[in-house]
1. Can you tell me how many residues within region 107-119 are of a type in the set (A, V, I, L, M) and surrounded by fewer than 18 Cβ atoms within 10 Å (Cβ to Cβ)?
2. In region 26-51, which residues are among the hydroxyl-bearing types (Ser, Thr, Tyr) and closer than 15 Å to residue 6 by Cβ?
3. Identify, from the list 17, 32, the residue that is aromatic (Phe, Trp, Tyr), farther than 23 Å from residue 149 by Cα and touching a residue at least 12 places away in the same chain (Cβ under 8 Å).
4. Scan region 99-135 for residues that are in contact with a strand residue (DSSP E or B) (Cβ under 7 Å, 6 or more places away or on another chain), among the small types (Gly, Ala, Ser) and within 13 Å of the ligand (Cβ to nearest atom) and jot them down.
5. Could you tell me whether residue 65 is more than 7 Å from the ligand (Cβ to nearest atom), touching a Lys or Arg at 6+ places or on another chain (Cβ under 7 Å) and free of Cβ contacts under 8 Å to residues at least 60 places away in the same chain?
6. Taking the condition of being modelled with pLDDT of 85 or more and within 17 Å of residue 75 (Cα to Cα), how many residues in region 12-37 meet it?
7. Is there any pair linking a residue in region 93-116 that is hydroxyl-bearing (Ser, Thr, Tyr) to one that is crowded, with 23+ Cβ neighbours inside 10 Å, with Cβ under 8 Å and at least six apart or on different chains, and which?
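The values are calculated or read from the model by the stated rules, or taken from the named source; none is laboratory data. Predicted model only: the values in this text are computed from it and were never measured. All Cβ positions, even for glycine, are placed from backbone atoms using ideal geometry, and neighbour counts span all protein chains on display.
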Amino acid sequence: MLRQLRTASLRDAPHAFGDTHDGALSDDPDVFDAAAAQHAVSHTDTSFILYTEGHPAGLISACFESAAAHRAFVQALWVAPAVRHLRGGELLVNTAIEWLASEGATLIHAWVPDANVTAMRFYERLGFAATGDHARSRQVPDQWETLLMREVRGRAALASVQ
Ligand SMILES: CC(C)(COP(=O)(O)OP(=O)(O)OC[C@H]1O[C@@H](n2cnc3c(N)ncnc32)[C@H](O)[C@@H]1OP(=O)(O)O)[C@@H](O)C(=O)NCCC(=O)NCCS
């Protein structure tokens with residue numbers, strides 16, 4: 001399932017991620033099975049699948065970096081084109097944030113390619129803002145990415161003053 005969704009996302013939106021379709025397909029299916037099994041029990045790395053009417057239709061990963069700062073990230077977000085604008089993306093991000101918060105995160109980060117205006121607007125709408133960090137994509141060096149961040153309780157705090 002993880003491989004199927006990851007492949008579908010890269011086929012649909014190859015420039016949306018700092019990754020390539022060929023890279024995902026070349027990975028042994030066993031690698032995805034092992035990752036899914038590990039995600040089910042891990043406290044540092046997991047993924048959530050969006051189901052609509054019983055069908056898998058979206059994906060997000062949530063993880064803590066291994067570096068000492070141990071920052072929390074959401075990444076590899078994708079919603080199938082047929083079910084966009086139905087708040088599936090928002091549900092995935094909020095679910096991933098809840099899990100990261102339950103594991104101790106107070107700040108949530110996301111790298112977004114500068115060219116992905118849709119994702120940039122989507123994350124901004126959910127309360128993320130640019131940190132000032134800007135870097136070349138490791139997988140696609142001619143692509144630049146911006147690091148976004150929000151507080152776990154950022155949206156709730158915003159709502160309380162409105
Ligand atoms: C980004 C993405 C996950 C959003 O998923 P979604 O389920 O459509 O998002 P939601 O329904 O929760 O949208 C919430 C809001 O985000 C913003 N948004 C979503 N798509 C947008 C678009 N194409 N243009 C501008 N804003 C958009 C809007 O404010 C939207 O609210 P609205 O539908 O009332 O206009 C989806 O477009 C996607 O999978 N894109 C391809 C993969 C990708 O870019 N992933 C991110 C990699 S960093």
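1. Keep residues of region 107-119 that are of a type in the set (A, V, I, L, M), which gives 107-108, 110, 112, 115, 117, 119.
Narrowing the set further to residues that are surrounded by fewer than 18 Cβ atoms within 10 Å (Cβ to Cβ) leaves 107, 115, 117.
The number of residues fulfilling the criteria is 3.
2. Initially, region 26-51 is screened for residues among the hydroxyl-bearing types (Ser, Thr, Tyr), giving 26, 42, 44, 46-47, 51.
Residues satisfying the conditions are 26, 46, 47.
3. Values: 17 fails: farther than 23 Å from residue 149 by Cα.
None of the others qualify; the one that does is 32.
4. 110, 119, 127, listed by residue number.
5. Values: more than 7 Å from the ligand (Cβ to nearest atom): yes; touching a Lys or Arg at 6+ places or on another chain (Cβ under 7 Å): yes; free of Cβ contacts under 8 Å to residues at least 60 places away in the same chain: yes.
Yes, satisfied.
6. 3
7. Sorted first by the residue in region 93-116, then by its partner, the pairs are 95/60.
This table checks each residue for (1) closer than 20 Å to residue 151 by Cα; (2) more than 14 Å from the ligand (Cβ to nearest atom); (3) surrounded by 14 or more Cβ atoms within 10 Å (Cβ to Cβ); (4) over 15 Å from the mean Cα position of the chain (by Cα).
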residue	(1), (2), (3), (4)
54	no, yes, no, yes
57	no, no, yes, no
61	yes, no, yes, no
71	yes, yes, yes, no
84	no, no, yes, yes
89	yes, no, yes, no
92	yes, no, yes, no
95	yes, no, yes, no
